Structures are given as structure tokens and as C-alpha cells.
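One structure below.
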Amino acid sequence: MRDYKLLIFDWDGTLVDSIARIVTAMHQAADLCGLPRRSDEAVKGIIGLALPQAITTLYPELDEAAHVERFHAAYSECYVALDRTPSAFFDDVEQSLARFREQGYQLAVATGKSRRGLQRILDTLGWQNYFDITRCADETASKPDPRMLHEILQHCGVSAEQALMVGDSSFDLEMAQRAGMDSVAVGYGAQTLEALSRYEPKLSINHFTQLSTWLSCTVAETRTEESEHVG
């Protein structure tokens with residue numbers, strides 16, 4: 001059993017219930033740019049990527065930077081309009097995060113959001129210093145490149161074996177896999193647990209409190225094994 005010191009969370013679809021707003025904003029941006037709407041499932045499939053990569057994945061025909069930038073600006077405008085009141089946390093997220101801090105875990109966020117977008121939400125919540133570190137897609141490499149995880153590990157002084165990535169997309173779990181880090185698959189966000197199972201997560205959950213329960217059991221089992229070895 002591993003003794004985790006650091007818990008790293010994706011934001012959209014893992015901590016906050018924002019998937020519907022992202023899908024709606026992407027559809028509205030397509031309308032403004034005169035492009036066909038992609039299906040809801042197609043949009044959900046790119047959530048987690050940095051926005052430029054997400055746009056070009058959905059619309060590979062946008063081969064000029066100016067067109068991608070126009071879509072980027074349209075999406076950002078639409079999303080901010082929809083998100084004047086930040087998306088709500090999923091049930092029990094706030095309580096669980098507070099409990100994790102009390103238990104001594106370091107907490108981090110690894111998100112495909114922009115720094116401006118995440119900071120706007122953290123400022124609204126008064127959570128500017130809540131997490132030990134947050135990393136956003138526009139200040140490092142986009143998921144599934146493991147660079148943002150490496151940066152988080154370095155900042156926290158923790159090895160990959162002592163960290164756990166929690167996310168709702170294939171990009172989250174592939175990023176963790178490439179970093180040599182354990183992961184937890186979230187089934188209530190952008191992608192299904194069936195789709196995420198190929199990345200061999202240590203745990204699959206449909207409610208956030210399941211993570212707390214599992215971590216408590218993991219800690220108990222680790223301490224039992226350690227005491228047996230000492231004996």
C-alpha cells in the first residue's frame with residue numbers, strides 16, 4: 001500500500017459541476033464563429049485539454065491561428081457570461097477537502113483551465129491560498145503531458161509514488177500514468193468510468209466521499225503492514 005502525501009485534483013467535472021456550462025459555451029462559440037456545433041459527447045471528450053488544443057481537436061479545419069484565436073475569444077466570452085456565479089461544487093467536495101487538509105494532506109489542482117479563469121473563481125471563493133499549488137494549462141504543457149504534475153511534485157517536495165491524481169477525463173489519468181503516479185477515476189464528470197478504466201486507476205468513484213473512505217482504509221492498511229514489519 002502507498003502512503004499518499006499529496007492529492008492532486010482536476011477542477012471541471014471533478015471538484016465542480018461545470019460540464020454543462022462548458023458544453024453550452026462551446027456550442028455558443030461555434031454559432032458566433034459560423035461553425036457547425038459538435039455533439040455534446042464530442043465536446044465532453046475534449047474537456048481537460050488546454051483550450052487551443054481543445055478547439056483544434058473539435059475543429060481541425062481551423063488551420064489558421066487567427067481563426068483559432070477568434071474561437072478562443074468567443075468561447076471565453078460565452079463561458080464567463082454563463083459563469084457569473086461560479087459553478088457549484090459537487091456534493092461533499094468542500095467538506096472532504098477541508099477534512100483532507102486537517103488530516104495533513106497537501107492539496108493541489110491540475111487543470112485545463114486558464115490561469116485567469118481559475119484565479120477568477122478562487123478569488124470569488126476567497127480560496128487564493130487554499131491549495132498548496134495550482135497549475136493551469138496556459139502556464140505549462142497541456143494534459144496529457146505530465147509536465148504540470150512534475151511541477152506540482154517539485155513544488156511540494158513529494159515523489160510521484162506519494163501523490164494521487166483525481167480526475168474525470170482520459171487526459172487526467174493518462175497524465176498521471178505518464179508521470180508514474182496513481183490515479184482515481186471520477187465517473188460523474190465528463191467521461192464514463194468504463195472509458196477511464198483503460199488507464200488502470202487505483203479507484204473508481206461515483207461520489208466524492210468514496211475517496212475519503214478509500215483513503216482512510218488505505219492509511220489503516222499501510223499502518224497495519226508497517227507495524228507487522230516492525231514486529
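Using 1/(1 + (r/R0)^6) with R0 = 35 angstrom and r between the beta carbons of Trp127 and Ala81, what's the FRET efficiency to the nearest 0.05?
The calculated FRET efficiency here is 0.95.
Could you tell me what a quarter of the Cα convex hull surface of region 18-83 works out to, in nm² with one decimal place? Each step should come with its number before you reach the end.
Working: hull surface 15.3 nm².
Mean projected area of the Cα convex hull: 3.8 nm².
Under 5 Å between amide hydrogens, which residues at least 5 positions from Lys143 or on another chain qualify, with H placed 1.01 Å from N in the peptide plane?
So Lys143 has HN proximity to Ala50.
Which FRET efficiency value, to the nearest 0.05, is calculated for Arg2 and Asp31 with the Förster distance at 45 angstrom and r the Cβ-Cβ distance?
Details: r = 47 Å, r/R0 = 1.05.
E between Arg2 and Asp31, to the nearest 0.05, is 0.45.
Among DSSP beta bridges lying fully in the chain, give the percent that are antiparallel, nearest 5. Walk me through the numbers on the way to the answer.
Working: 1 of 22 bridges.
Here the share of antiparallel DSSP bridges comes out near 5 percent.
Going highest first, how would you order 196-204, 126-134 by mean Cβ packing within 10 Å? Present the calculation step by step, with values, prior to reporting the outcome.
On the way: 196-204: 16.6, 126-134: 14.7.
Most protected by this proxy first, the peptides run 196-204, 126-134.
Once all Cα-Cα distances of the chain are split into 5 Å bins that start at 0, what whole-number percent is in each one?
Taking all Cα pairs of the chain, the binned fractions are 1, 7, 14, 19, 19, 16, 10, 6, 3, 2, 1, 1, 0, 0, 0 percent.
What order, most packed first, do the peptides 37-45, 60-68, 79-87 have when packing is the mean number of other Cβ atoms within 10 Å of each residue? All intermediate terms of the calculation are to be shown ahead of the outcome.
Numbers: 37-45: 16.0, 60-68: 11.6, 79-87: 14.0.
Put in order of decreasing packing, that is 37-45, 79-87, 60-68.
All of the numbers you see were taken from the coordinates with simple rules; none came from a lab. Keep in mind that what you see is a predicted model, and the values were worked out from it rather than measured. Here the Cβ is made from the backbone with ideal geometry for all residues, glycine too, and neighbour counts use every protein chain on show.
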